[in-house]
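Heads up: the structure comes next, in structure tokens.
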Amino acid sequence: MKIVVVGTGYVGLVAGVCFADSGHTVVCVDIDEKKIGELRKGRSPIYEPGLEELLEKNLSAERITFSTDLDDAVRASEVVFIAVGTPERDDGSADLRAAMSVAERIARSAERYTVVVNKSTVPVGTASRMQAEFSARAKVPVDVVSNPEFLKEGAAIDDFLRPDRIVIGTSSEKARAIMAELYAPFVRTESPIYFMDPRSAELTKYAANAMLAARISFMNEVAMLCERVAADVDSVRKAMGADERIGQKFLFPGCGYGGSCFPKDVKALIATARNHGMDFALLSAVDAVNDRQKRLLAQKAKAHFGDLRGRKFGVWGLAFKPKTDDLRHAPALTLIDELLADGASVTAHDPVAIDNARRVFGDRVQFVQSPYAATEGADALFLVTEWNEFRQPDFTRVKDAMKQPVLFDGRNIWNPARMRELGFTYYAVGRAP
Ligand code: NAD
């Protein structure tokens, strides 16, 4: 099939190369000319394991091309995926300007029956809004399908090629058949395709992300209570998760969730509920708990040191989670902002996110290529992103380099007893004193 993917970000680029890899002819379109230029040379603008290899392979096989000409690409294709950003607006609702402007352009340029697939995360009702746009403007029949994406950054290729499930929202039999054919190579191991109406598909995406965010905020509340009552959250978590109805995944307390999805999708779902006269009180609490949690490490530092002015801190991990360079809403940004605002200086290391972080902080933060360089002369070290290489560092080297052996472990990755044995003052999230 001839496919267009509009938006070459974390979702669009991964979808584009994976469809190309299953034999389709794919044109990826973006308004960012620099990005398109890099992609044509086989260079991925984002860090995602396995992505660049798959990109190069499909570029050489001429199954994928990159363009800034949306009209031209749409005219030659049967299926157009919209994978542009849907960031949050001031009131928390999703900003649909990019997605709707792409839909308008498709309406003007489509010259044959086209399936327009919303892969961006969009509020309930967007597919019907787009369908109305096509009915009013397009010269040819167009079916709009809602096909939300569930990939996880850091494991995006694998998630796309071997999804837990595919969700397809459409009321058109013809579009349904095309979508089923498109996804057939990715569901050979019996992952289900859930067909439903577009509104339910749109809501499924938000409800899934909100549920995951709720588990994290719930455990962060449990962790806070553990600290107050001198209980140990690790013990509580493991025994809670052993109940099959609860399960062990996504029960880890820490210094808050970030990324381009959970924070904005939780807010957008609250906004959708509000627009329909409903107060989604549980989700407002999930969001508020996360805001508090992102400030937790800085608060613990203030409680330990009192005044932070003139202190020197090391930070390990900037990306919102391991195996990505994505800094959107990353807890490290909140922590560093607070430390700098309190007059401290920060030296930070991340295996892949330093370039992006430099764009945020400029020379207000010193960035170093080695984790140990971040500990030189530090009054404390903060662990914010649980990259594998931070799990078992040379602690003697760390301690010798530091001015004071104080650790703030925002992801509970180090063993408290061992840290104390090594002579560190060790703070974590919800662990027994
Ligand atoms: P992103 O910001 O990485 O990429 C968006 C891309 O769209 C950018 O390259 C931008 O230049 C391009 N773009 C913007 N306006 C455009 C236009 N008018 N025409 C062509 N290109 C345009 O975004 P992302 O993280 O890939 O997310 C895209 C959507 O997918 C969002 O709705 C997001 O919520 C959803 N989603 C993201 C993830 C994730 O892990 N990142 C997972 C599931 C769903």
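Relative to the longest principal axis of the Cα atoms of the chain, the long axis of helix 296-305 makes an angle of roughly 20 degrees. Placing pseudo-labels 7 Å out from each Cα toward the beta carbon at H276 and K139 gives an inter-label distance of 3.8 nm. Binning the alpha carbon pair distances of the chain at 20 angstrom intervals from zero yields the distribution 24, 52, 23, 1, expressed in whole percent. Working from Cα pairs under 8 Å separated by at least six residues, relative contact order for region 2-196 is 19 percent. Beyond 32 Å, how much of the Cα-Cα pair distribution for region 2-196 remains, as a whole percent? That tail contains 9 percent of the Cα-Cα pairs.
Applying both filters, DSSP loop and at most 11 other Cβ atoms within 10 Å, to the trypsin sites (Lys or Arg not before Pro) of region 202-298 gives R245, K249. With the simple model of a label 7 Å out from the Cα in the direction of the Cβ, R108 to T25 spans 2.5 nm.
Scalar couplings 3J(HN,Hα) for region 93-98, obtained by applying the Karplus form with A = 6.51, B = -1.76, C = 1.60 to θ = phi - 60°, are 6, 7, 8, 9, 4, 5 Hz; x denotes Gly and Pro.
Using only DSSP helix segments of four residues or longer, with each worth -39500 (n - 2.57), what per-residue ellipticity at 222 nm results for the chain after dividing by its residue count and rounding to 500? Theoretical 222 nm ellipticity from helices: -13500 deg cm²/dmol. Largest first, the extents of the alpha carbon coordinates of region 120-261 on the three principal axes equal 67, 33, 26 Å. P(r) tail for region 311-361: Cα pairs beyond 17 Å make up 26% of the total.
Amide H contacts of V117: V80, F81, I82, V145, each under 5 Å away and 5 or more positions distant or on a separate chain (H built 1.01 Å from N in the peptide plane; Pro and chain starts excluded).
Its relative contact order, with pairs defined as Cα atoms under 8 Å and 6+ residues apart, puts the chain at 12 percent.
Heavy-atom accessible area, probed at 1.4 angstrom with all protein chains present, ranks K35, K2 as K2, K35, highest first.
Among the GluC sites (Glu not before Pro) found in region 179-226, those both in a DSSP coil and sparsely packed, with 14 or fewer other Cβ atoms within 10 Å of their Cβ, are E190. Altogether, the Stokes-Einstein calculation at 37 °C and 0.692 mPa s, with the Kirkwood radius of region 225-340 over Cα pairs as Rh, returns a diffusion coefficient of 199 µm²/s. The per residue volume of the convex hull around the alpha-carbon atoms of region 294-427 is 90 Å³. Which translational diffusion coefficient, to the nearest whole µm²/s, is obtained for region 205-292 from the Stokes-Einstein equation, given a Kirkwood hydrodynamic radius over C-alpha pairs, 25 °C and 0.890 mPa s? Stokes-Einstein gives a translational diffusion coefficient of 179 µm²/s.
Across the accessible surface of region 162-292, with the other protein chains kept in place and a 1.4 Å probe, carbon and sulfur atoms take up 59 percent.
Summed over the residues of the chain and divided among them, the accessible surface reaches 44 Å² per residue at a probe radius of 1.4 Å. Split the accessible area of region 294-427 by element, probe 1.4 Å, and carbon with sulfur accounts for 44%. Can you tell me the orientation of helix 262-275 relative to the chain, as the angle in degrees between its alpha-carbon axis and the longest Cα principal axis, to the nearest 10? That works out to roughly 60 degrees.
The values are calculated or read from the model by the stated rules, or taken from the named source; none is laboratory data. Keep in mind that what you see is a predicted model, and the values were worked out from it rather than measured. Quick reminder, even Gly has a Cβ in these numbers, built from the backbone with ideal geometry, and neighbours come from all protein chains shown. The accessibility values were calculated without ligands, DNA or RNA, using every heavy atom of the protein model including side chains. Shrake-Rupley method; radii C 1.70, N 1.55, O 1.52, S 1.80 Å.
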